Structures are given as structure tokens and as C-alpha cells.
1. Please go through (1) away from the ligand (no atom under 16 Å from the Cβ); (2) assigned to a helix (DSSP H, G or I); (3) modelled with pLDDT under 95 for Pro44 and return the number of the only condition it doesn't satisfy.
2. How about the range 1-23: which of its residues are in a loop (DSSP other than H, G, I, E, B) and within 13 Å of the ligand (Cβ to nearest atom)?
3. Go through (1) modelled with pLDDT of 90 or more; (2) within 12 Å of the ligand (Cβ to nearest atom) for Met52 and report which single condition fails.
4. In this structure, does Leu59 turn out to be within 15 Å of the ligand (Cβ to nearest atom), at pLDDT below 90 and closer than 30 Å to Gly220 by Cα?
5. Conditions: (1) more than 16 Å from Ile74 (Cβ to Cβ); (2) within 13 Å of the ligand (Cβ to nearest atom); (3) touching a residue at least 12 places away in the same chain (Cβ under 8 Å). Lys33 meets all but one. Number of the miss?
6. From the set of residues in the range 95-117 that are at pLDDT below 90 and not β-branched (Val, Ile, Thr), which is farthest from Met223 (Cα to Cα)?
7. Exactly one condition in (1) within 23 Å of Cys120 (Cβ to Cβ); (2) loosely packed, with under 14 Cβ neighbours inside 10 Å; (3) touching a strand residue (DSSP E or B) at 6+ places or on another chain (Cβ under 8 Å) is not met by Val5; state its number.
Amino acid sequence: MIYCVEDEQNICELEVYTLQSVGFEAKGCSSGKELFAELEKELPKLILLDIMLPDEDGLTVLRRLRSDDRYANIPVIMATAKGTEFDKVKGLDCGADDYIAKPFGMLEMVARIKAVLRRCEGRELKPANQVIQRDNLTVNLLEHKVKVGEEDVVLTLKEFEMLKKFLLHPGIVFSRDKLLNDIWGYEFTGETRTVDVHIRTLRQKLGSAGDLIETIRGVGYRMAAKK
Ligand code: CA
């Protein structure tokens with residue numbers, strides 16, 4: 001399944017029709033809202049995402065995708081109105097896999113989609129991707145093992161889940177509410193202070209790597225962006 005997110009109905013229909021005619025399953029979404037509703041039903045192999053959309057623009061949608069564990073690995077191709085616009089995209093480091101400048105031909109679109117699918121094949125399955133290294137911090141997501149330098153660090157499940165979330169989305173700020181919801185669950189009735197307490201112990205346990213977790217005043221926490 002490939003989702004085409006595009007509010008101009010005739011373009012959207014053409015994209016979907018073209019993809020179907022070359023053998024892909026494809027579905028059109030006219031907004032980010034519609035896309036997220038579809039994602040609840042079925043995860044696609046790829047998303048073709050227009051930048052210019054009503055309500056939420058494509059970059060906002062992309063950021064939401066990348067900050068959600070369920071969707072973070074879905075390949076995304078951005079459709080930009082002009083070539084220059086992608087510089088802005090790059091600057092924002094939103095994590096698109098490719099971009100295609102409008103107006104584009106349908107053959108070009110299919111070729112780009114196939115190229116990205118080839119490149120991203122097995123993305124979630126590669127064992128190499130399960131080990132994340134930042135400075136002297138090494139985290140094995142599969143085995144739930146954390147090391148700072150040569151030292152093993154023992155984390156609680158919540159601490160590990162928080163660290164994993166940060167590591168998978170470097171540079172993205174998570175609010176206390178978001179962390180509470182994602183890690184403790186919506187039913188949790190505690191205060192956002194809980195997050196601060198866990199961040200403090202997590203930093204202490206990480207020792208010299210603790211500084212990788214940055215406090216963004218008045219907003220929340222994030223993993224330092226990659227340099
Ligand atoms: Ca559009």
C-alpha cells in the first residue's frame with residue numbers, strides 16, 4: 001500500500017491511478033488528518049507527501065510521522081512546489097527519504113518511488129539498526145542493553161523507553177505531556193513532574209552521556225541533534 005497525500009483532487013487521483021496501473025495498491029488522502037486515520041487501519045510501504053496541504057502542511061505531518069515509533073520508519077517522499085523549497089526541508093532536517101519537485105511526470109514519480117522502496121527495503125529488520133551509538137553511549141534496542149563506554153548501565157523499563165524514544169528521534173523535542181502519554185499511557189493520572197524525576201535518574205545513570213539529553217526550557221526534553 002502506498003498513500004498519496006495531496007489535496008488537489010485531480011493530481012491525487014492521477015497519482016493513485018498511475019500507481020495502481022503499475023501494480024501497487026494505492027490510496028489518496030486529502031489531508032494529514034485523513035492520512036493519520038488511514039495509518040490506524042493499515043501501514044503503507046511508502047507515503048508520497050505533498051508539502052502544500054490545508055490545515056497541517058506536509059512538513060508538520062512529516063515531523064509527526066517521525067516522532068511516532070509506529071510510523072518513524074515509513075519511507076516518505078516529499079512533493080515540493082519548487083526545487084528551492086527542499087532546501088528548507090533539508091534545513092529543518094525532518095527526515096524525508098527523497099523529494100520530487102512539482103510539476104512531475106508520472107513516470108518520474110513511479111521511478112522515484114521504486115528507488116526509495118529499494119533503498120529502504122528491510123529497514124526495520126536490519127539488526128545493525130538495532131544498535132544505536134551516540135558519543136560513548138551504546139544502546140541495543142533489541143536486547144535492551146545500555147552501555148556508557150565499557151560500563152553496563154541498568155535502566156528501568158520506563159527509563160529505557162524514554163531513552164529509546166529520544167535516540168530514535170534526535171533533535172526532536174518531546175513535551176512532558178507527550179512523554180507521559182506515550183510511555184506511561186493515557187490512563188496514567190500522575191503529574192508531568194513524574195517525567196522530570198525519571199529524566200533526572202536517567203541522566204544520573206548515564207553519567208557522562210547524561211548530557212546528551214537536553215532540557216528545552218518551557219517545552220520538554222530531547223536528544224541532542226546529531227552534528
Ligand atoms: Ca497540495
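1. Here Pro44 meets the rest and fails (2).
2. Hits for the range 1-23 are Glu6, Asp7, Glu8.
3. (1)
4. Yes.
5. (2)
6. First, pick out the residues of the range 95-117 that are at pLDDT below 90: 95-103.
When the remaining residues are screened for being not β-branched (Val, Ile, Thr), the result is 95-99, 101-103.
On the way: Gly95: 15, Ala96: 19, Asp97: 21, Asp98: 24, Tyr99: 26, Ala101: 31, Lys102: 34, Pro103: 37 Å.
Result: Pro103.
7. The one condition Val5 does not meet is (2).
To keep it simple, each residue is scored yes or no on (1) crowded, with 17+ Cβ neighbours inside 10 Å; (2) in contact with a strand residue (DSSP E or B) (Cβ under 6 Å, 6 or more places away or on another chain).
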{"residue": "Ala96", "(1), (2)": "yes, yes"}
{"residue": "Met106", "(1), (2)": "no, no"}
{"residue": "Met109", "(1), (2)": "yes, no"}
{"residue": "Gln133", "(1), (2)": "no, no"}
{"residue": "Glu151", "(1), (2)": "no, no"}
{"residue": "Leu157", "(1), (2)": "no, no"}
{"residue": "Lys164", "(1), (2)": "yes, no"}
{"residue": "Val173", "(1), (2)": "no, yes"}
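The values are calculated or read from the model by the stated rules, or taken from the named source; none is laboratory data. Since this is a predicted model, take the numbers as computed values, not measurements. Glycine gets a Cβ as well: all are built from the backbone with ideal geometry, and neighbour counts include every protein chain shown.
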